[in-house]
């Protein structure tokens, strides 16, 4: 399974202290070079060490990203580069950005977010359910993380 990720998901997993655990999933994580430039979480370089693949887009592909931008003005060009890559590779898109999620759904690209990743980690027993609950609570308590709180709290209660 190939997963094209945006920066928000990595920031959420970092705050939840489960960043390294994500790379134990049976998945290949991919990000465009434009999206990777938005990653300013420590240890950013560790993502590559753990297996994050960075894909550079050529000029023609960047023109297609610009075309997506004419149809979807709200997501950034960096985020739209991820949508383009997910379309091109028939991959899943992981994002926490509402405008990007809407564009992906409109383009018929399968899209999930941080809670889906957390479900995969717990369901695959990569992390214990209590650790999943703790990670989600850390995300919920962080002032810059914006996750669907009702769904998040439902998981926290279930996993405790």
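Could you state the number of Å between the C-alpha centres of the range 118-136 and the range 141-157?
Spelled out, the Cα-based centre of one part sits 14 Å from the other.
At 222 nm, what helix-only mean residue ellipticity would the chain give, in deg cm²/dmol to the nearest 500, using -39500 (n - 2.57) for each DSSP H run of four or more? Please list the in-between numbers first.
Details: 10 runs with 93 residues, N = 160.
Using -39500 (n - 2.57) per qualifying helix, the result is -16500 deg cm²/dmol.
Using 1/(1 + (r/R0)^6) with R0 = 30 angstrom and r between the beta carbons of residue 63 and residue 40, what's the FRET efficiency to the nearest 0.05?
That pair, residue 63 with residue 40, gives E of 0.65.
If you take the Cα atoms of the range 58-145, find Rg, then find the Kirkwood Rh from the mean of 1/r over all pairs, what is Rg/Rh?
Numbers: Rg = 15.6 Å, Rh = 14.4 Å.
Rg divided by Rh gives 1.08.
Be a star and scan the range 1-39 for residues whose amide nitrogen sits under 16 Å from the point 7 Å along the Cα-to-Cβ vector of residue 77.
The answer is 32-38, whose backbone nitrogens lie closer than 16 Å to the label point.
Return, ordered by residue number, the residues of the range 43-77 whose backbone nitrogen is under 15 Å from a label point located 7 Å along Cα→Cβ of residue 33.
53-63
Counting C-alpha atoms alone, how compact is the chain: give Rg to one decimal and Dmax as a whole number, in angstrom.
In Å, with Rg to one decimal and Dmax whole: 15.3, 49.
None of the figures in this text is laboratory data; all of them are computed from the coordinates on show. All of these numbers come straight from a predicted model, not from anything done at the bench. Glycine also receives a Cβ, built like all others from the backbone with ideal geometry; neighbour counts cover every protein chain displayed.
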